[in-house]
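J.: Please see the structure below; I have some questions.
The values are calculated or read from the model by the stated rules, or taken from the named source; none is laboratory data. Please read these numbers as outputs of a predicted model, since none were measured by experiment. Methodologically, a virtual Cβ is constructed for each residue, glycine included, from the backbone with ideal geometry; neighbour enumeration extends over all protein chains shown. For accessibility, only protein heavy atoms count, side chains too; no ligands or nucleic acids. Shrake-Rupley method; radii C 1.70, N 1.55, O 1.52, S 1.80 Å.
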Amino acid sequence: MWKVGSIALGVAMLAGVGGAYAQSTTAEVWNYYAAGSELAGMTALIDQANAANPDTKFVSKVIPGNVVEMRRQLQTAFIGNKPPAAYQTSMASELKTFVDGGRLHPLTDVWAKIDGDKIFPEGIQRVAKINGVPYGLPFDLAEINNIFYNKAIFAKLGLTPPTDWDGFVKTCDALRTAGIEPLGDAGGPFWSLYNFYAPLISTVGTDGYYKIARGELAFDSPEFRKALELYRDTEVKCYAKNWSGKSWTQTADDLINGKVGMYGMGVWVAGYMKQAGFKPDTGYDTFPAPGTGDKAIFQMDLFAVPEGTPEMIKAGEEFVTTVASAKAQEAFATNKGSISPSTEVDPSVYDVDFAKFATQLATASKANAVLPNLFFLLPTDVGTELGNQIEKFAIDPSDATEHDVISTLEAARQKAMADNAYTSW
Amino acid sequence: MTSVAPARRRFYFSQRAVHLLFLVLPVLLFVTFFIYPIISTFYLSLQDWDGISKSMKFIGMANYVELLHEPRFFHAVLNNVTWLIFLLLGPTGLGLLLAAILDRGLRGERVFRIVYFLPFTIPAVAVAAIWRWVYEPTSGLLTTVLNVVGLGSLAQNWLGDPHVVNFALMGAVMWWMTGFSFLVFFAGLRNIPVECIEAARIEGATPWQIFWKVSFPLLWPSTIVVLGISAVDAMRLFDVVWATTNGGPAYASEVLATQMYDVAFGRFDMGRASAISVYLLILAGAVIMPYLYYMSLRVQASEAE
C-alpha cells in the first residue's frame, strides 16, 4: 500500500513538473559574454526579457570566445536543426552570410512594432539590415576611434589633446622625450586595424571608406597607399616598444601605470580601467583620433533570430522586442559599460565618459557621419585579411612589407569581386 | 571418426562467429568516428561551402590547387615540420636527462617526480594563460628575471616578434610536456634489471658508459613510445598555439590545425579548410606511418620469440 502510494505520488509530481514545463517555453539565448561587466549586462537583459514575457523562460547560454566560436557552435546547431531562439552576433557581413545561407528569420514585424527606423540612427540601421530587411536587433555599441590618454602625464608635461596629425606627432615626441612610450597598441588582427581607420579616413574621406567597403577602391590605389604611409608616419611611429606582444588589457595596464601616454582602443577599455580603479575624471580622458573629430566609427553587437520551429521563432521575436525597449537597452548599457544604439535611451543614465561617447555618437549621427567598423563591412575573408595585413605592416612598416601588404590585399579584393562577395552598404 | 570432424568444424565456425561478433562494435565505432569523417572531409574539400548555406557547389580539386599557391599555407607546413623536430628532440631529450639524473637515487626523489610531472597535468588553455603573463614583454616574469640578473639585453618581444614567437611557444611547450617523457623514461630506467648495471660496473664501466652502452639501449621501448607520441602531438598541435597567439602575429606562429580552424570558422570557407585537413592527414601519415610500420614489425618479432 505504501509502495502504491509512493508511486502515485511520484507520478503526480512528474505530472506536475511536466505541467509546469508545458505552460512555459524554455528558450536559449546564445551569447559570448561570460564574465565581469559583460556578464552583468547580459544577465540584466535576460532578466528584463523574463519579466516582460512570463510565458517564456529565457536562459542565457554562454559560448566561450567570440563571434568565431559562435559561428562554429551555430553550424553544429543548424546541422542538428536545434538553433537557439536568439543569438549574439555582429553586424553587416556577419549577418549577410547567415541571411544568404537562409538561416535567419527576418525581423520585419518586430522592427515595425518597435519603430526601428525611428529609434536607431541611419548608420546603425544600414548594418542591421540586409537588402533593406532587418535581421539584427542592435543592443551593444562601442566607438573605436577614440584615443585614451593619461591625464596626470599630460598635465605634468603641459600637453593638450591634439586635433590634427602634426599635433599628434608632436605630442608623441614630447612623451618620448620625457621617457614615456607615446602610444599603446596590442597584438591581434583588430587593434592596429582600428587605429588605422583614422589615417584611412583622413586620406580617403567617408566616401572613400565606403568605396573600400564596396570593393570600388582598390588596395593598390594611390589613395590606399597614401593612407598606409600616413599611418606609418604617425601612429606606427608613436607605438610603444614591444606593443605587439601585449594583449589589449595588458596595454590598458600600461596606460594606468603611466608606462604609455596614449592608447587608441574601443571604449570598452573604459570599463576595464574603471574596474582597476582608474577613473575618468581623475585618471584618464579621451580625444577623437585626428581626422575623425566629427565622426563616430563603431563596433556593434546585435541579436539575431535563426529560422527554426514556430515556437522558437516566436520566443526569439519576444526576446528581441524586449531588448529593443529603452529600459532593457539602458539596463545593458549601464551594467556592461557601453552605449545603447537606441536614441530613446536618456543620455543622463551614463557616467561621465560614456555620456561623452553618447554625445559623440549623437553629434555624428546628426551629421550623418556614423561609420560602421570596416572589418565587418568587407566580405569576411577580405576583412580578416585586412586586419592581419595591417598588423603585419604595423610591426614592420618597411617598403617591402608595404608592397607585400598591398599585393596580398588586392589579390583578396579581386577574388572577392570575382565571387561577387561585396555588398553595397 | 566421421562424427568428430563436423563437430570440430561447428566449434571452429562458432568460435569464429564469436570473434567476428566481438569485432562488430569496435569496427562500427572505427568506421563511424574515423573512416566516415575522413571520407566526409575529403568530400567537403571538393566543394565551395561556407558552412552555413544549405547547399554546396562542387569545384573539384580547386581548393587543393589554390592552397599550393598560398605562401601562408607553406608557412604553416614549415611550422609543423619545425614543431616535429622540436618535439622529437626537446621535451624528449630533457625528459631523458631529468629521468637519468633522478634515477641515480637523489634525496627528495618523490618531490622531484611530482614537480617534473605536474605541468603536464595542466590543461593547454591554462598553460597558455600562464605563459601569456610570463612572456609579457615589459613586466612579465621572464623579462623581469632577465633584468634582475643583469641579462636584460636578452629580453625579447616574446609573443609579438614574428621571428621569436615560435621559439617562445616552444619554451612553454617544453615546460608543459617534458613531464610526460620524463615519467616514461623514469619508469623505463627503473625496469632495467639491476644485474645488467652491476655487471657493467664490475667490468669497470664509467657511469657515462653505463648509461649509453647499457641503460639507453634497454630504454628503446620507452624511447619509441615517447617519440611516437611526440610525432603525433606535432601533427595535431592546436590548443596551446591557438590559446596563446591565435597563430599570430600576422600568421607567424600558425600551424596547419590553427589555419584550418581560422579558414573554416574565421573565413567561412569550409571547403578550403577541409583541403588543409586532408593535406595535414597526408603529412601526418608520411611522418607517423614509418613509426607504425616499425612498431608492427617489433610486435611480430616479439610474438615470434
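J.: Which residue, of A:Lys156, A:Lys129, is over 18 Å from the mean Cα position of the chain (by Cα) and without any contact (Cβ under 8 Å) to a residue 60 or more places away in the chain?
T.: A:Lys156
J.: Would you confirm whether or not the range A:246-259 contains a residue that is within 30 Å of B:Ser153 (Cα to Cα), of a type in the set (Ser, Thr, Tyr), open to solvent by 10 Å² or more (accessible area, probe 1.4 Å) and assigned to a loop (DSSP other than H, G, I, E, B)?
T.: Yes, the conditions are met somewhere in the range A:246-259.
J.: Which condition number in (1) among the aliphatic types (A, V, I, L, M); (2) open to solvent by 60 Å² or more (accessible area, probe 1.4 Å); (3) within 14 Å of chain A (Cβ to nearest Cβ) is the one that B:Val194 fails?
T.: Evaluating B:Val194 over (1) among the aliphatic types (A, V, I, L, M); (2) open to solvent by 60 Å² or more (accessible area, probe 1.4 Å); (3) within 14 Å of chain A (Cβ to nearest Cβ) leaves (3) as the failure.
J.: Let me ask another. Return yes when A:Lys3 is open to solvent by 70 Å² or more (accessible area, probe 1.4 Å), at pLDDT 90 or above and not hydroxyl-bearing (Ser, Thr, Tyr) and no when it is not.
T.: no
J.: Among the residues of the range A:373-409, count how many are more than 10 Å from every other protein chain (Cβ to nearest Cβ), in contact with a helix residue (DSSP H, G or I) (Cβ under 9 Å, 6 or more places away or on another chain) and part of a helix (DSSP H, G or I).
T.: 8
J.: Under 6 Å by Cβ, and 6 or more places apart or on different chains, what pairs join a residue from the range B:110-130 that is over 24 Å from B:Val165 (Cα atoms) with one that is surrounded by 12 or more Cβ atoms within 10 Å (Cβ to Cβ) and aromatic (Phe, Trp, Tyr)?
T.: B:Tyr116/B:Phe182
J.: Which pairs turn up if I take residues in the range A:92-113 that are at the interface with chain B (Cβ under 10 Å from one of its Cβ atoms) and buried (at least 20 other Cβ atoms within 10 Å of the Cβ) and look for partners that are polar (S, T, N, Q) and in a helix (DSSP H, G or I) with beta carbon separation below 7 Å, at least 6 apart in sequence or on another chain?
T.: A:Ser93/A:Thr380; A:Thr97/A:Thr380
J.: Looking only at the range B:251-269, which residues are in contact with a Lys or Arg (Cβ under 6 Å, 6 or more places away or on another chain) and on the phi > 0 side of the Ramachandran plot?
T.: Passing the criteria: only B:Tyr251.
J.: Which is in contact with a Ser or Thr (Cβ under 9 Å, 6 or more places away or on another chain), touching a residue at least 12 places away in the same chain (Cβ under 8 Å) and part of a helix (DSSP H, G or I), of B:Ile229, B:Ile224?
T.: Only one candidate qualifies: B:Ile229.
J.: Looking at this structure, is A:Ala77 within 14 Å of chain B (Cβ to nearest Cβ) and either open to solvent by 50 Å² or more (accessible area, probe 1.4 Å) or among the polar types (S, T, N, Q) (or both)?
T.: Considered against the rule, which asks whether it is within 14 Å of chain B (Cβ to nearest Cβ) and either open to solvent by 50 Å² or more (accessible area, probe 1.4 Å) or among the polar types (S, T, N, Q) (or both), A:Ala77 comes out as no.
J.: Which condition from (1) open to solvent by 60 Å² or more (accessible area, probe 1.4 Å); (2) at pLDDT 90 or above is the one that B:Phe182 breaks?
T.: (1)
J.: Something else now. Only residues that are at the interface with another protein chain (Cβ under 7 Å from one of its Cβ atoms) and not small (Gly, Ala, Ser): list them for the range A:244-253, please.
T.: A:Lys246, A:Gln250
J.: To continue, here is another question. Looking at the structure I just gave you, is B:His69 part of a loop (DSSP other than H, G, I, E, B) and open to solvent by 80 Å² or more (accessible area, probe 1.4 Å)?
T.: Judged against the criteria, B:His69 is a match.
J.: Quick one: in the range B:127-150, which of the residues that are outside any helix (DSSP H, G or I) and over 30 Å from B:Leu84 (Cα atoms) is most open to solvent (accessible area, probe 1.4 Å)?
T.: Among those that are outside any helix (DSSP H, G or I) and over 30 Å from B:Leu84 (Cα atoms), it is B:Val149.
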